[in-house]
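Please read the structure below before turning to the comments.
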Amino acid sequence: MGEGATLEGGAAGACRLTLTGPRGAVSLTADVVIVADGLAGSFLPRTEEWNPRIANTSHFGVGARIRDGGAERLCSEAEIAMRCGKAGYFGAVRLRDGSIDIAAALSPQVTRRSGGPAAAVCEIARECGLDECVAPLANAPWRGTGLLTRRRRVEGQRLFVVGDAAGYVEPFTGEGISWAMQAGLAVAPFARAVVAGEYRTGAWTQAWHRTANSRRAACRVTSRALRSPAIVAATVSVANKVPSVRDYLASAISGPWHLSAPESVAV
């Protein structure tokens, strides 16, 4: 535990990076580097070249785990329950040990007016008729992230950025893990092309944006709709009555998303 890595720059035919741990720092080179250090990753330098571009309307994320009971109505077993309100929305899932894990995306403006993240999540619970869950939510050990919706450059010299490190959208869509796995598989032929000296600069950028742009569009529409409880209520009502609408919405929100390599990644 405690290991880390940072990019130092490019060298002739390689990437330079530094690994740090309890025993100190070690410098090394790699033929190719795949950056998959997530939303708050620290591998890439904090420069204009690599800093993410953050959407002005982005929510920020908070999460907590309730272990002591009192919030059972938030979700039943084998269910992921989503609750929407004026401050944003949160999802809840019951874990094997009986605790409840909660992740929320909140409006910074509404959260400030509410008095903080815990108060904002409690407001959402009240709006959803879950008054008995307010106390455990208020006392939960909340932890936060920065603003969520962002994107950045996805390739450099012998370097590819994938998953949440490349771009992130609000988590209601729930396909983050599957998207990360597909991106990891998809980048493999690009990495092999680099090692073989056959890579065409910009090929990964084109492949990523070709798929990511359509994904972001669907997520953007979903996240904006979620900021209107009236739209959510109407949509859920229609989906409950018309199975075809329900199935279409489920597919549009959660995928499946597929990243595939183009016919050629060579120079």
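For E8, indicate whether it is at pLDDT below 90, more than 19 Å from E132 (Cα to Cα) and more than 21 Å from the chain's Cα centre (by Cα).
yes
May I ask you to say which residue of R65, R83, R23, R53 is of a type outside the set (V, I, T) and under 30 Å from F190 (Cα atoms)?
R53
When you look at G184, is it assigned to a strand (DSSP E or B), surrounded by fewer than 22 Cβ atoms within 10 Å (Cβ to Cβ) and touching a residue at least 40 places away in the same chain (Cβ under 8 Å), yes or no?
When the stated conditions are applied, G184 does not pass them.
Each row is one residue, and each column tells you yes or no for (1) crowded, with 18+ Cβ neighbours inside 10 Å; (2) among the hydrophobic types (A, V, I, L, M, F, W, C).
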| residue | (1), (2) |
| --- | --- |
| N51 | no, no |
| G69 | no, no |
| L74 | yes, yes |
| E77 | no, no |
| C84 | yes, yes |
| V93 | no, yes |
| I100 | yes, yes |
| R112 | no, no |
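Which fully enclosed strands (runs of 3 or more DSSP E) of the stretch 100-164 have 2 or more residues being free of Cβ contacts under 8 Å to residues at least 60 places away in the same chain?
Fully inside the stretch 100-164 and qualifying: 100-106.
Restricting attention to the stretch 18-32, does a residue exist that is in a strand (DSSP E or B), without any contact (Cβ under 8 Å) to a residue 40 or more places away in the chain and surrounded by 15 or more Cβ atoms within 10 Å (Cβ to Cβ)?
Scanning the stretch 18-32 turns up at least one residue that is in a strand (DSSP E or B), without any contact (Cβ under 8 Å) to a residue 40 or more places away in the chain and surrounded by 15 or more Cβ atoms within 10 Å (Cβ to Cβ).
If we scan the stretch 37-49, do we find a residue that is among the aliphatic types (A, V, I, L, M), touching a helix residue (DSSP H, G or I) at 6+ places or on another chain (Cβ under 9 Å) and farther than 30 Å from L7 by Cα?
no
One line per residue, one yes/no per condition, for (1) without any contact (Cβ under 8 Å) to a residue 24 or more places away in the chain; (2) on the phi > 0 side of the Ramachandran plot; (3) outside any loop (DSSP other than H, G, I, E, B):
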site	(1), (2), (3)
A5	no, no, yes
G41	no, no, no
G69	no, yes, no
R83	no, no, yes
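The values are calculated or read from the model by the stated rules, or taken from the named source; none is laboratory data. The shown structure was predicted, so the numbers you read here are calculated from the model rather than taken from an experiment. Here the Cβ is made from the backbone with ideal geometry for all residues, glycine too, and neighbour counts use every protein chain on show.
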